[in-house]
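Undergrad: First the structure, then my questions, so here it is.
Just so it is clear, none of the values below were taken in a lab; they were calculated from the coordinates. Keep in mind the model is a prediction, meaning the values are calculated, not measured. Glycine gets a Cβ as well: all are built from the backbone with ideal geometry, and neighbour counts include every protein chain shown.
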Amino acid sequence: MSSSPPTSRARWWGLFLIALAQFMVIMDASIIGVALPRMQIELGFSPNNLSWVFNAYVIALGGLLLLGGRLSDLFGPRRIFAIGWVILAIGSLVAGLAGNVPVELIGRVLQGAGSALIAPAALTLLMMLFGSNPKDLTKAMAFYGAAAPAGGTAGVFLGGVITEFASWPWVFLINVPIAALVLLVMWKVLPGGKLDARGSVDVLGALTVTLGLAALVYGIVRAEVAGWASMETWVAIGIGVVLIVTFIILQRVKREPLMRLSIFRSPNLGAANLAQVLLGGAWVPMWFFLNLYLQQVLGFSAFPAGAALLPMTILIMVGMIMLAPRIIAAVGPKVPIVLGLVILSAGLGWMAFIRPDGNYWIDAFGPSLVVAFGQALAFIPSLQVAISAAPPEEGGLASGIVNTSYQVGSAIGLAAVSAVAAGFGAGQIGDPEALTQGYSAAFIAAGTIALAGAIVVSSFFRTKRPARALPVS
């Protein structure tokens, strides 16, 4: 795949659209959090099913990212990027105008499907724009990476503002004018590229991996209600495992698979993706339960809770844009990945000391900055290795894999940590002591996931110092 070189100014405007895409993909997962109580009342969700407003989006996103990457390689990333925004806008309209539970979940699935096309295409476009210049690529990856935590926090903040001062449907409808603006501008600043890839689309592979992930997450989520000894729990988990194993077998035997398994022979690609899985599995539960602690224990309303997460977001963005590229240039990617995961784990351990009668500055502010610093160090180098390790003609596949890794890690990590938290009292709304005990257990579980990530990367990542330090200005 090739493209005519865009002007320097157009490249950076293109990066802005790519970062906006990442921002929106993550924001759409988090923006609904504050709006859930009102949606439950107006749409008739039961307490046990309410989490599927989040899960429907994340499972569709995580399950279809590989398909999005394959389509990007076959039909061109700019075209798939545009189609993804159209589907996201349609899904947002459906979700925002829904009058009942099934229509709401259909809208969320469509939003996830649109994002699954946008995310891998965006990363491929980034590589097309900046892949020929390592210095610019590191900077571009830093801006792209910083857009993810910004989207997560902005989702909480904007969700609170919109829900408090407008109405909950606008947490979805806000996507429509943004999508229209992107579709209007993108043709001038994003490369079209020539289509060199040939082949077919593995629809059966896409179905097995998506349904497998859905069943696996469903089983873990239902374990909070039905119990881990329940037949329902283990049947769902068993079906999920069987479907995912079936997906892997299909990828081995098909001539044109959705995910060519031999791509993992590329040095460090597997380790970098495992790092992304465990980063997502630690970071998203931290964000989720910290937000609950602020609102349900410390008594913050929607707007102050979102504002309380802004220092953490600012530190992540500064760390990703200014610090991570310099460390990568000096010592290579392994050191910041391992160090970042260790710091993230330590920050979560500190966060586990929250108190039912605590306050933001003592119980949340300090540890939130530590976990933010760890995330900033680990995210960019693992993302960059996962993308750059693959051959250029499979950039869409590599993008789909790394996005899948992070989103699947997020979904399964949140489901598993939620089950741990529920077992320690996180479901006892109105009891600050029980809630705090449950949330503390959640932070310990998330910290354990981050520490496991550090061990995995330290054991399996091949150390390779850069031939020369790349200057960062």
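Undergrad: Anything over 27 Å Cα to Cα? Flag those among 139/188; 135/334; 188/254; 135/188, in the order listed. Please list the in-between numbers first.
TA: Details: 139/188 22 Å; 135/334 18 Å; 188/254 38 Å; 135/188 24 Å.
Check vs 27 Å cut-off fails for 188/254.
Undergrad: What's the exposure ranking of 188, 139, 254, 334, going from fewest to most Cβ atoms within 10 Å? Don't jump to the answer; show the numbers that get you there.
TA: Working: 188 11, 139 20, 254 15, 334 23.
Going from sparsest to densest Cβ surroundings: 188, 254, 139, 334.
Undergrad: Taking Cα atoms, how many degrees apart are the long axis of helix 77-97 and the longest axis of the chain, rounded to 10 and kept between 0 and 90?
TA: Long axis of 77-97 versus the principal axis of the chain: about 20 degrees.
Undergrad: Just to be sure I follow the definition: excluding the sites themselves, where is the longest run in the chain that has none of the chymotrypsin sites (Phe, Trp or Tyr not before Pro) in a DSSP loop with at most 15 other Cβ atoms within 10 Å?
TA: On the way: sites that count: 228, 353.
Looking at the chain, 1-227 is the longest stretch - no exposed chymotrypsin sites (Phe, Trp or Tyr not before Pro) with at most 15 other Cβ atoms within 10 Å.
Undergrad: Mind checking the full-extension length gain between residue 46 and residue 9? Use 0.36 nm per residue of separation minus the Cα-Cα distance, one decimal, nm. Present the calculation step by step, with values, prior to reporting the outcome.
TA: Numbers: separation 37, 0.36 × 37 = 13.32 nm, distance 5.05 nm.
Separation in residues times 0.36 nm, less the Cα-Cα distance, equals 8.3 nm.
Undergrad: Using Cα-Cα distances under 8 Å and only pairs 6 or more residues apart, what relative contact order does region 202-257 have, in percent?
TA: Numbers: 55 pairs, mean separation 24.6, N = 56.
Once normalised by length, the contact order is 44 percent.
Undergrad: Right, here's the next one. Please get the size of the charge dipole for region 202-257, origin at its Cα centre, with Cβ charges of +1 on Lys and Arg and -1 on Asp and Glu, quoted in debye to the nearest 20. All intermediate terms of the calculation are to be shown ahead of the outcome.
TA: Numbers: 4 positive and 4 negative charges, 41 e Å.
The dipole of region 202-257 has a size of about 200 debye.
Undergrad: Have a look at 328, 235, 91 and report the one farthest towards the positive end of the charge dipole of the chain, computed about the Cα centre with Cβ charges (Lys/Arg +1, Asp/Glu -1).
TA: 328
Undergrad: So how do 72, 92 line up by other beta-carbon neighbours within 10 Å, fewest first?
TA: Ascending number of Cβ neighbours within 10 Å: 92, 72.
Undergrad: Next up: Would you calculate the separation in nanometres between label points at residue 362 and residue 462, each defined as 7 Å from the Cα along the Cα-to-beta-carbon direction?
TA: The modelled label-to-label distance comes out at 5.2 nm.
Undergrad: At 7 Å along Cα-to-Cβ for each site, give me the label-to-label distance between residue 264 and residue 201 in nm.
TA: Going from the residue 264 label point to the residue 201 one covers 2.5 nm.
Undergrad: Quick one: length gained pulling residue 86 to residue 455 fully straight, 0.36 nm per residue minus the C-alpha distance? Can you show the working numbers first?
TA: Numbers: separation 369, 0.36 × 369 = 132.84 nm, distance 4.12 nm.
Answer, rounded to one decimal: 128.7 nm.
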